[in-house]
Amino acid sequence: MNSSFSADENRSKRKVSNRESFLTNVAASLGRPRMTDTVRRPAWKHTVHLDTLADRTPEQLVEVLKEQCLFIHTQVIESTPEILQTTLDDLIAGCGGGPVIRSGDPRFAQYGLAFPGGFVWSEKAGREENVRRAEAANVALVFADYALAESGTVVLESRPDQGRALHFLPAHYIAVIERGRIVPRSTQAMGDLNRRLEAGETLGSCINLISGPSNSADIEMQLVVGVHGPLRATYVLI
């Protein structure tokens, strides 16, 4: 038996079991039987969640994203697949060099990217080793699953090849965004995730929505960047 398939199958079974147990407890607390009939989506009286930015072209969504990134202290670099390696190498050098840690996303191989001496987040390495590598890294490299133009947010699943700590422990964060993955807002991203789930696809253990470097402001509104996450975030559009 394929071990990776078996592991995925076991994770899926645990998720179903946890969900059933959780819903049963909720129903018991409400003092009623479980609702097992298919839930029907409501007929929305207002559709602002669907209409906002829905009329924008892909090129216009890029401009909305770039404008929003000015407000969240995030640098946006436009590149192409042909020069992506050079673009990322230059950005890493500008951040002070490595160590670099990247996700195990297959798109790194698809675009022919290589970072000698860097770390790769992998299921095989185990959680403790992956976290240790992320703590030691100066730069994190990832590919966004979606990018929300409205808020300048990148959306990424936590998966065996891309854990949560990867996004928050290194000092510098670089997310590569394929233009086709830019959507108007969270409505479209969550809608696509829901369609994938309904189609039987196994999604990550959590969904990370990251809007630039960490920001904190005290009661006097003194903004401090990088208190509980990366000091600097850069999006690379291809």
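Return a yes/no flag: does region 117-139 have any residue that is of a type in the set (Phe, Trp, Tyr), outside any helix (DSSP H, G or I), open to solvent by less than 30 Å² (accessible area, probe 1.4 Å) and in contact with a Gly (Cβ under 7 Å, 6 or more places away or on another chain). Steps first, answer last, please.
Start the filter on region 117-139 by keeping residues that are of a type in the set (Phe, Trp, Tyr), which leaves 119, 121.
With outside any helix (DSSP H, G or I) added as a condition, the list becomes 119, 121.
Retained after the next criterion (residues that are open to solvent by less than 30 Å² (accessible area, probe 1.4 Å)): 121.
So of that shortlist, the ones also in contact with a Gly (Cβ under 7 Å, 6 or more places away or on another chain) come out as 121.
So far as region 117-139 goes, yes, one or more of its residues are of a type in the set (Phe, Trp, Tyr), outside any helix (DSSP H, G or I), open to solvent by less than 30 Å² (accessible area, probe 1.4 Å) and in contact with a Gly (Cβ under 7 Å, 6 or more places away or on another chain).
For residues in region 26-42 being more than 32 Å from the chain's Cα centre (by Cα) and at pLDDT 85 or above, which is least open to solvent (accessible area, probe 1.4 Å)?
Across region 26-42, the extreme among qualifying residues is ALA27.
If you take the residues in region 67-97 that are open to solvent by 50 Å² or more (accessible area, probe 1.4 Å) and in contact with a Phe, Trp or Tyr (Cβ under 9 Å, 6 or more places away or on another chain), which one is farthest from VAL155 (Cα to Cα)?
ASP89
Considering only residues of region 140-171 that are of a type in the set (Ser, Thr, Tyr) and part of a strand (DSSP E or B), which is nearest to GLN110 (Cα to Cα)?
Just the residues of region 140-171 that are of a type in the set (Ser, Thr, Tyr), to begin with: 146, 151, 153, 158.
Still in the list and also part of a strand (DSSP E or B): 146, 153.
Working: TYR146: 18, THR153: 24 Å.
For region 140-171, the residue satisfying everything is TYR146.
What pairs come up if the first residue lies in region 65-83 and is more than 12 Å from ILE177 (Cβ to Cβ), the second is open to solvent by less than 50 Å² (accessible area, probe 1.4 Å) and in a strand (DSSP E or B), and their beta carbons are under 6 Å apart, counting only those six or more places apart or on different chains?
GLN75/THR234
Hey, which of the strands (runs of 3 or more DSSP E) in region 180-227, taking only ones fully inside, have at least 2 residues that are touching a strand residue (DSSP E or B) at 6+ places or on another chain (Cβ under 9 Å) and modelled with pLDDT of 90 or more? Reasoning before the result, please.
Values: elements: 207-210, 215-217, 223-225.
Strands (runs of 3 or more DSSP E) meeting the threshold: 207-210.
Out of everything in region 165-181 that is farther than 14 Å from PRO213 by Cα and in contact with a Phe, Trp or Tyr (Cβ under 8 Å, 6 or more places away or on another chain), what residue ends up being most open to solvent (accessible area, probe 1.4 Å)?
The selected residue is ARG181.
Go through (1) modelled with pLDDT of 95 or more; (2) closer than 23 Å to TYR111 by Cβ; (3) open to solvent by less than 50 Å² (accessible area, probe 1.4 Å) one by one and return the number of the condition PRO230 breaks.
Just one mismatch for PRO230, condition (1).
Please work out which residue is nearest to the chain's Cα centre (by Cα), limiting yourself to region 147-164 and to residues that are surrounded by 22 or more Cβ atoms within 10 Å (Cβ to Cβ) and under 30 Å from THR57 (Cβ atoms).
Residue satisfying both the conditions and the ranking: LEU156.
The values are calculated or read from the model by the stated rules, or taken from the named source; none is laboratory data. Nothing here was measured: the structure is a model prediction, and the numbers come from that model. Because the Cβ atoms are built from the backbone with ideal geometry, glycine has one as well, and the counts that use them run over all protein chains shown. These accessible areas exclude ligands, DNA and RNA; they are computed on the full protein's heavy atoms, side chains included. Shrake-Rupley method; radii C 1.70, N 1.55, O 1.52, S 1.80 Å.
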